[in-house]
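Peer 1: Quick one: the structure is below, and I'll ask about it shortly.
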Amino acid sequence: MEKLDKFDFNDKTILVVEDTETSIRFFDAALKRTNAKTLFAEDGDEAIKLFDENEIDLVLLDLNLFTTSGFDVLRHIRSKDNSTPVIVQTAYILSGEEQISREMGANDFMAKPIKLNSLLQSLNKFLQ
Ligand SMILES: [Mg+2]
């Protein structure tokens, strides 16, 4: 079994933008290990609303959303502030998506399936 690092983000709020049930369960289980407060949005409009109405410390952003593109959410976030870390994650890597994400201000980019330890280490890097 993979040896897992132990992190405690009990004073942090993470917004998870994700529309796929299995991925939602993965992030929910992963983030519960860290004691972070989590908010879940299943589409871009909900994500933008939650981002605007809460103090968010980090965003985990799926690019492939049903109603909106994750890029629209990223654009909105970066129009508001440059400091909130955004980790983009996607199941279908299209050519150039990582570069576009980073140019638009994403701090990290992860391909699904995401390894739990990789996720935890990326969160730790940006939440410190
Ligand atoms: Mg999706």
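The values are calculated or read from the model by the stated rules, or taken from the named source; none is laboratory data. What you are looking at is a predicted structure, and each value in this text was computed from that prediction instead of being measured. For neighbour counting, all protein chains shown are included, and Cβ atoms are generated from backbone atoms with ideal geometry for every residue, glycine included. To get the accessible areas, we keep the full protein, side chains included, count just its heavy atoms, and leave off ligands, DNA and RNA. Shrake-Rupley method; radii C 1.70, N 1.55, O 1.52, S 1.80 Å.
Peer 1: Quickly run through the range 15-31 and pick out the residues that are within 16 Å of the ligand (Cβ to nearest atom), without any contact (Cβ under 8 Å) to a residue 60 or more places away in the chain and open to solvent by 20 Å² or more (accessible area, probe 1.4 Å).
Peer 2: Result: 19, 21, 22, 24, 25, 28.
Peer 1: Got at least one residue in the range 99-109 being within 18 Å of residue 5 (Cβ to Cβ), modelled with pLDDT of 95 or more and either under 12 Å from the mean Cα position of the chain (by Cα) or open to solvent by less than 80 Å² (accessible area, probe 1.4 Å) (or both)?
Peer 2: yes
Peer 1: Tell me yes or no: at least one residue of the range 113-122 is more than 17 Å from residue 15 (Cβ to Cβ) and not in a helix (DSSP H, G or I).
Peer 2: Yes, the range 113-122 has at least one match.
Peer 1: I've got another one for you. Considering only the range 71-78, I want to know if a residue exists there that is free of Cβ contacts under 8 Å to residues at least 60 places away in the same chain, open to solvent by 10 Å² or more (accessible area, probe 1.4 Å) and either in a loop (DSSP other than H, G, I, E, B) or within 12 Å of the ligand (Cβ to nearest atom) (or both).
Peer 2: no
Peer 1: When you look at residue 8, is it in a helix (DSSP H, G or I), more than 14 Å from the chain's Cα centre (by Cα) and not aromatic (Phe, Trp, Tyr), yes or no?
Peer 2: No: the conditions fail for residue 8.
Peer 1: Kindly indicate whether any position in the range 32-41 is surrounded by fewer than 19 Cβ atoms within 10 Å (Cβ to Cβ), away from the ligand (no atom under 11 Å from the Cβ), in a helix (DSSP H, G or I) and modelled with pLDDT of 95 or more.
Peer 2: The answer is yes, given that some residue of the range 32-41 is surrounded by fewer than 19 Cβ atoms within 10 Å (Cβ to Cβ), away from the ligand (no atom under 11 Å from the Cβ), in a helix (DSSP H, G or I) and modelled with pLDDT of 95 or more.
Peer 1: Right, residue 66: part of a helix (DSSP H, G or I) and closer than 17 Å to residue 92 by Cα or not?
Peer 2: No: the conditions fail for residue 66.
Peer 1: Quick check on my filter: what residues within the range 90-112 are touching a residue at least 40 places away in the same chain (Cβ under 8 Å) and of a type outside the set (A, V, I, L, M)?
Peer 2: 112
Peer 1: Output yes when any residue across the range 45-60 is part of a helix (DSSP H, G or I), within 11 Å of the ligand (Cβ to nearest atom) and either over 15 Å from the mean Cα position of the chain (by Cα) or surrounded by 12 or more Cβ atoms within 10 Å (Cβ to Cβ) (or both), and no when none is. Give the derivation first.
Peer 2: Initial filter on the range 45-60 (part of a helix (DSSP H, G or I)): 45-53.
When the remaining residues are screened for being within 11 Å of the ligand (Cβ to nearest atom), the result is none.
No - not one qualifying residue is present in the range 45-60.
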